[in-house]
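S.K.: Sharing a structure, written as structure tokens. Questions coming.
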Amino acid sequence: MSAKHRVRRAAARAGAHPAAADLVASFGARMLTATDALEAELLAAAVLALPHREGVGPELGELFVDALCEVAGEQPSPESAALLRGLVAVVPPHQRRVAVAALGQVTAAGHYPPEWAELIGRARPGEAWRSFDVFGDAETVAMTFWYGPAAHAVVVQVDRCRHPAVLRVGVLTDVDQVPAALDPGGDPLLRTEPIELADARARLAPALAHDPDPDLDVDLDAATGEPADPLLLGLPVARARLRRLPAADRPAPPGYQAADRAAAVAEFLASPYAAEAGDEKTARFWAEVVAGYSASVPGDPPARIGPLKLPHLLLSYVPNSFALTAEQRRGLPAAVTAWTAWAAQRQGLPEPAQAALRERLPQVLAGFDAAYDDPDNSRLRGYLADLSATTTDAAVLAEALQRRLLAVPLPSDDRQLRRLDVADPAARRTLVEHEFRDCEPRDGASGAEFLAAAVRVCEQLWHDDPPQVWREARRRADAGTPDHEIIHQLAVPRPAG
């Protein structure tokens, strides 16, 4: 399916949206009456959140914002000036030039944004703190900023159990609420400390670089139907504030290699805890899986364990990645229980923390069978069936999954296609041909020639052979090219003869 088809389908799903001109008028009018720069920023962030109401991903979300800027620039008014100035403050740098150009059109026509335009986006940093749990599962970073004499705070909670991901964002107009935001319930397993502003930037940058899941359940305002989710509203503001912080001069986290993970497995198997882990073969398999998961998070020690890491590991990563034998499934509870007890002791966790793990693990194990048998997880396992039989390195598996999903996207709207096994080359061919069947060939190629080239490129990506195809695809993805378009650009039909 071409990018144009995707846009049209997204537009159909977004039928509840007013016309773009109406959005410019309604949000622009509210921003005209905003009492300060922070209020205007949050309204602009609400505009960026609108595509998430329809479950639209980042690529189409950017197209939506670009189109909105274009409409605002073509219809100069005080409202469009206010809207565009707000967007300039919160959109990503690569989109700012679109908003700036449109604002230039509006100001050239004699319409200017309100007084808050002098301050918006220029918040002065104050102080920073972080709270973190004793397990190393998550941390919360709070930063204060100033617009003139008025202070506000941005609070970001980050999940450290997978590729750093933002769990929540809050924008506080009362900085006295910061201590409660760092430790909402007086948790005895949390620690709080002040940190440097540069350290705050270093800790948050990797997580804030990622977009929220387009399938995120979005809270809507009951009166307006607009997104009211604190994460979606706070994320653009947090990203903008991060750019106001000093650059980080912080050493890279310690790097753990395959040898470190193998050493942790050997240490566990040689410990008294291994006696409770079941037969040696099964215990070794699960120890290698759990230690291998740490490779997905830079700097994560192979033997670290925590109550937030457990569900990531057992209800998502394992069901998505490993085709288990009956023996491995039966041996999971004993092996992981023994590993968890050993790892908790090895980490030196206090008894209340170990008790929390003992309480959490059975709850997670109780959900394993349902997660493993879920059809979506079963489909994802097909992408890694050959590789996960030979490695438990989560970084290797994650890159392979990314590469193969680019080559053969998961079908979402056809039951017959969803039943296909992507491990079968014939099934992959069917899926690729379905994805590109409506596309217009380029450079004078016939439809059959283009489809043959697309299938060839997707097979090269699937097998990472030759590796330069994946390197080139990643380069284009890093530059913002949509996945579908990447295949178009790489699928050059071979000359006849």
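Computed from the coordinates by the stated procedures, all read-outs in this text should not be read as laboratory data. A quick note: this is a predicted structure, and the numbers were derived from the prediction, not measured. Positions of Cβ are backbone-derived with ideal geometry, glycine not excepted, and every protein chain shown enters the neighbour counts.
S.K.: Only counting other Cβ atoms within 10 Å, I'd like MET31, MET143 sorted with the fewest neighbours first. If you can, show how the numbers build up before the last one.
M.R.: Values: MET31 30, MET143 27.
By the 10 Å Cβ count, ascending: MET143, MET31.
S.K.: Okay, next question. With an 8 Å Cα cut-off and a minimum separation of 6 or more residues, compute the relative contact order for the chain in percent. Write out the running numbers ahead of the final one.
M.R.: On the way: 730 pairs, mean separation 60.6, N = 497.
Here the relative contact order equals 12 percent.
S.K.: Which Rg and Dmax, in Å, describe the Cα atoms of region 456-495?
M.R.: In Å, with Rg to one decimal and Dmax whole: 9.7, 29.
S.K.: Per residue of the chain, what 222 nm ellipticity follows from adding -39500 (n - 2.57) for every DSSP H run with n ≥ 4, rounded to the nearest 500? Write out the running numbers ahead of the final one.
M.R.: Values: 22 runs with 268 residues, N = 497.
Value at 222 nm, helices only: -17000 deg cm²/dmol.
S.K.: Give the calculated FRET efficiency between HIS463 and ALA366 to the nearest 0.05, with a Förster radius of 41 Å applied to their Cβ-Cβ distance. Working shown, then result.
M.R.: Numbers: r = 38 Å, r/R0 = 0.93.
Efficiency computed from Cβ-Cβ geometry: 0.60.
S.K.: With labels modelled as points extended 7 Å from the Cα through the Cβ direction, what inter-label distance (nm, one decimal) is found for ARG243 paired with ALA205?
M.R.: Rounded to a tenth, the inter-label distance reads 1.5 nm.
S.K.: So if I place +1 on the C-beta of Lys and Arg and -1 on the C-beta of Asp and Glu, and nothing else carries charge, what would the dipole magnitude of the chain be about its Cα centre? I want it in debye, nearest 20. Write out the running numbers ahead of the final one.
M.R.: Details: 51 positive and 68 negative charges, 175 e Å.
I would put it at about 840 debye.
S.K.: I would also like to ask the following. Evaluate 2.2 N^0.38 Å with N set to the residue count of region 408-490, then give the Cα radius of gyration divided by it. Working shown, then result.
M.R.: Details: Rg = 12.8 Å, N = 83, 2.2 N^0.38 = 11.8 Å.
Dividing the Cα Rg of region 408-490 by 2.2 N^0.38 Å gives 1.09.
S.K.: Just the number, please: Stokes-Einstein D of the chain in µm²/s, Kirkwood Rh from C-alpha pairs, 4 °C, 1.567 mPa s.
M.R.: Numbers: Rh = 25.3 Å.
It diffuses with D of about 51 µm²/s by this estimate.
S.K.: For the chain, with the dipole built from +1 on Lys and Arg beta-carbon atoms and -1 on Asp and Glu ones, taken about the Cα centre, which of ALA398, TYR112, ALA44 lies farthest toward the positive end?
M.R.: ALA398
S.K.: I need the peptides 87-93, 185-191 ranked by packing, meaning the mean over residues of other C-beta atoms within 10 angstrom, with the highest value on top.
M.R.: Working: 87-93: 21.6, 185-191: 11.7.
Final packing ranking: 87-93, 185-191.
S.K.: If the chain between ALA479 and ARG419 were fully stretched, how many nm would it gain, using 0.36 nm times the residue separation less the Cα-Cα distance?
M.R.: Numbers: separation 60, 0.36 × 60 = 21.60 nm, distance 3.33 nm.
Length gained, ALA479 through ARG419: 18.3 nm.
S.K.: So, one more: Could you tell me what fraction of 2.2 N^0.38 Å the Cα radius of gyration of region 61-218 comes to, as a two-decimal ratio? All intermediate terms of the calculation are to be shown ahead of the outcome.
M.R.: Details: Rg = 18.6 Å, N = 158, 2.2 N^0.38 = 15.1 Å.
Normalised Cα radius of gyration, region 61-218: 1.24.
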